[in-house]
Amino acid sequence: MKLLYAISIRLYGFAIGVVSLWNPKAKQWIVGRKNWKKNLNQALGDKKNIHWFHCASLGEFEQARPLIEKIKTESPSTPILVSFFSPSGYEQRKNYELATYVCYLPLDTKKNAQQFVATLHLAKVFFVKYEVWPNYFAQLASKKIPFYLISATFRPSQLYFKPAGKWFKKLLTLPTQLFVQNEDSQLLLSSHKIDSILAGDTRYDRVRATAQKAVPNEIIEEFCSSKFTLIAGSSWEKEESIIVSFLKENPGKIKVVFAPHDIGESHVSGIENILPNEVTYLRYSQVSKEVNLRELDVLILDNIGLLSNAYQYGKVAFVGGGFTNALHNILEPATFGLPVFYGNNHPKFPEGEEMAKEGSGFRINRYEEFERNLLRLILAENEWEAMSRKNKEFIESSVGATELVYRSTQES
């Protein structure tokens, strides 16, 4: 299995190289890793006590961020290295102010792992959620550098727990500690004789802190002030089509703020093209003093960085990615007390299951469910208030993972 992995990881790198000839994201993946040894050495070669955080992409970074902030609060001089696997994470956080250096993770070959670790004076290393890289894990373990897997989740369907995955399962015994999000993950690991600490998800700490520091936005506030408003957070085409169907079937019932996951021209214009003729809309970038925001039906956020602050002005949220097992952050709207709708295909995101169990989230299979439940919340203020309160309580009861992980890793 070790040899097979070595071959497959090189084939993966080769395939990305081929695809990069015509795919911009793949090209970023390749170009971003060029001269990585030289750049890493220049940025961190003389730094001591480095704390390295590795994240697949932006979602995992949001789980690492509360712990990074905690470390920098307690020890401001600690050098922080943040690495990403995906361009979508790196491009959005390459200038993260608390990081000493942000980079791409070199491909997980034995040579790369050896050189990467040898370049740095590492004190502690944190991999987030699913980031299990055999050669990096083996190298850190051989050097006796403390390293951790945080906010992790595990499911019986994963390769680790299959007969063919014994070699991968052994990798889970290498970290100094495993911190899991939920009891199901802990019980699954325990059944395979792997120890873990039930810490929860650090994102709960992050979203609560974000809500407490919410920045006012007069444009979004003015738009939302005149009617029951739905915030379509990080929406994909599926969520957008369901919302547009509601606008067609229930004219005048709601206003909508679309914050699409892709703000490229083709996606934004695609939303505009499917809106009913009678619906008035405007892009955020087109708003001027002459515009009467209270009379608009739809506002499309075509700028990055507005969504988390927009939730404070909405009444409900419909978060994207849930129909394709790529669920975006449903905790952000919940912390503002918004009832949250999302697609029902989210096995990699336990918060979707937990919110549904708590009665603070709506898992949607089809349009009819969305319409029925949304109309109920619009027409029955007491039901909206009860669910809003339930969401705030759910978030509040789930915070604390950052402190637990920080305390535990200081002791180990």
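Please go through the stretch 381-404 and give me each residue that is of a type in the set (G, A, S) and open to solvent by 20 Å² or more (accessible area, probe 1.4 Å), ordered by number. Please lay out each step first, then the result.
Taking the stretch 381-404 first, the residues of a type in the set (G, A, S) are 386, 388, 397-398, 400-401.
Of everything in the stretch 381-404, those that are of a type in the set (G, A, S) and open to solvent by 20 Å² or more (accessible area, probe 1.4 Å) turn out to be A386, S397, S398, G400.
Which members of the stretch 130-149 meet the condition of being open to solvent by 10 Å² or more (accessible area, probe 1.4 Å), of a type in the set (A, V, I, L, M, F, W, C) and not in a helix (DSSP H, G or I)?
Going residue by residue through the stretch 130-149, those that are open to solvent by 10 Å² or more (accessible area, probe 1.4 Å) are 130-133, 135, 138-139, 141-146.
With the extra rule that they be of a type in the set (A, V, I, L, M, F, W, C), the set shrinks to 132-133, 138, 141, 145.
Within the stretch 130-149, V132, W133, I145 meet the criteria.
Of the numbered conditions (1) buried (at least 17 other Cβ atoms within 10 Å of the Cβ); (2) touching a Pro at 6+ places or on another chain (Cβ under 7 Å), E278 fails exactly one; give the number of that condition.
So E278 meets the others, but not (1).
Give me a count of the residues in the stretch 310-325 that are part of a loop (DSSP other than H, G, I, E, B), of a type outside the set (A, V, I, L, M, F, W, C) and either in contact with a strand residue (DSSP E or B) (Cβ under 7 Å, 6 or more places away or on another chain) or closer than 18 Å to I254 by Cα (or both). Break it down into steps so the answer makes sense when it comes.
Restricting attention to the stretch 310-325, the residues satisfying the condition of being part of a loop (DSSP other than H, G, I, E, B) are 314-315, 320-325.
When the remaining residues are screened for being of a type outside the set (A, V, I, L, M, F, W, C), the result is 314-315, 320-322, 324-325.
Now restrict to residues that are either in contact with a strand residue (DSSP E or B) (Cβ under 7 Å, 6 or more places away or on another chain) or closer than 18 Å to I254 by Cα (or both): 314-315, 320-322.
Of the residues in that region, 5 qualify.
Checking P66 against (1) part of a loop (DSSP other than H, G, I, E, B); (2) within 30 Å of V319 (Cβ to Cβ), which single condition isn't satisfied?
Against the list (1) part of a loop (DSSP other than H, G, I, E, B); (2) within 30 Å of V319 (Cβ to Cβ), P66 comes up short only on (1).
Considering only the stretch 343-366, how many residues are open to solvent by 40 Å² or more (accessible area, probe 1.4 Å), farther than 25 Å from Q212 by Cβ and more than 17 Å from the chain's Cα centre (by Cα)? Give the derivation first.
From the stretch 343-366, those open to solvent by 40 Å² or more (accessible area, probe 1.4 Å) are 344-345, 347-348, 353-354, 357-358, 363, 365-366; that's our starting set.
Checking the rest, the ones that are also farther than 25 Å from Q212 by Cβ come to 344-345, 347-348, 353, 357, 363, 365-366.
When the remaining residues are screened for being more than 17 Å from the chain's Cα centre (by Cα), the result is 344, 357, 363, 365-366.
Summing the residues that are open to solvent by 40 Å² or more (accessible area, probe 1.4 Å), farther than 25 Å from Q212 by Cβ and more than 17 Å from the chain's Cα centre (by Cα) in the stretch 343-366 gives 5.
Is it the case, given these coordinates, that A123 is buried (at least 17 other Cβ atoms within 10 Å of the Cβ) and of a type outside the set (S, T, Y)? Can you show your working first?
Values: buried (at least 17 other Cβ atoms within 10 Å of the Cβ): no; of a type outside the set (S, T, Y): yes.
Considered against the rule, which asks whether it is buried (at least 17 other Cβ atoms within 10 Å of the Cβ) and of a type outside the set (S, T, Y), A123 comes out as no.
Between a residue in the stretch 255-277 that is of a type in the set (D, E, K, R) and any residue that is open to solvent by 60 Å² or more (accessible area, probe 1.4 Å), which pairs come within a Cβ distance under 9 Å, given they are 6 or more apart or on different chains?
Within 9 Å, the pairs are K255/K227; D262/W236; E272/Y281.
Restricting the first residue to the stretch 384-403 and requiring it to be over 18 Å from T210 (Cβ atoms), which pairs with a second residue that is at pLDDT below 95 and open to solvent by 40 Å² or more (accessible area, probe 1.4 Å) meet a Cβ separation below 7 Å and a spacing of at least six or different chains?
Listed pairs, sorted by first residue: K390/E358.
For the stretch 72-108, what are the residues that are assigned to a helix (DSSP H, G or I) and open to solvent by less than 10 Å² (accessible area, probe 1.4 Å)? Give the steps one after another, and end with the answer.
Step one: list which residues in the stretch 72-108 are assigned to a helix (DSSP H, G or I), which gives 72-74, 87-93.
Across the stretch 72-108, the qualifying residues are P87, G89.
Filter the stretch 17-42 for residues that are part of a helix (DSSP H, G or I) and open to solvent by less than 30 Å² (accessible area, probe 1.4 Å); which is nearest to T119 (Cα to Cα)?
Let us first name the residues in the stretch 17-42 that are part of a helix (DSSP H, G or I), namely 17-19, 24-31, 36-42.
Narrowing the set further to residues that are open to solvent by less than 30 Å² (accessible area, probe 1.4 Å) leaves 17, 26, 29, 40.
On the way: G17: 25, A26: 26, W29: 21, L40: 8 Å.
It comes out as L40.
Can you name the condition, by its number, that N325 falls short on among (1) modelled with pLDDT of 95 or more; (2) among the polar types (S, T, N, Q); (3) on the phi > 0 side of the Ramachandran plot?
(1)
So D46 ticks every box in (1) open to solvent by 60 Å² or more (accessible area, probe 1.4 Å); (2) touching a helix residue (DSSP H, G or I) at 6+ places or on another chain (Cβ under 7 Å) but one. Which box is left unticked?
Exception for D46: condition (2).
Out of the residues in the stretch 343-360 that are among the polar types (S, T, N, Q) and touching a Gly at 6+ places or on another chain (Cβ under 9 Å), which is modelled with the lowest pLDDT?
Filtering the stretch 343-360 for residues among the polar types (S, T, N, Q) gives 344-345, 360.
Checking which are touching a Gly at 6+ places or on another chain (Cβ under 9 Å) leaves us with 344-345.
Details: N344: 92, N345: 85.
My answer is N345.
Quick one: which residue in K255, K289 is more than 22 Å from A326 (Cα to Cα), open to solvent by less than 20 Å² (accessible area, probe 1.4 Å) and basic (K, R)?
Working: K289 fails: open to solvent by less than 20 Å² (accessible area, probe 1.4 Å).
None of the others qualify; the one that does is K255.
Is it true that V340 is at pLDDT 95 or above, among the aliphatic types (A, V, I, L, M), crowded, with 16+ Cβ neighbours inside 10 Å and under 23 Å from K70 (Cα atoms)? Can you show your working first?
Details: at pLDDT 95 or above: yes; among the aliphatic types (A, V, I, L, M): yes; crowded, with 16+ Cβ neighbours inside 10 Å: yes; under 23 Å from K70 (Cα atoms): no.
So V340 does not fit the description; no.
The values are calculated or read from the model by the stated rules, or taken from the named source; none is laboratory data. Being a predicted model, the structure only gives us computed values, none of them experimental. In this analysis, Cβ positions are derived from the backbone assuming ideal geometry, glycine residues included, and neighbour counts consider all displayed protein chains. Accessible surface areas use protein heavy atoms only, side chains included; no ligands, DNA or RNA. Shrake-Rupley method; radii C 1.70, N 1.55, O 1.52, S 1.80 Å.
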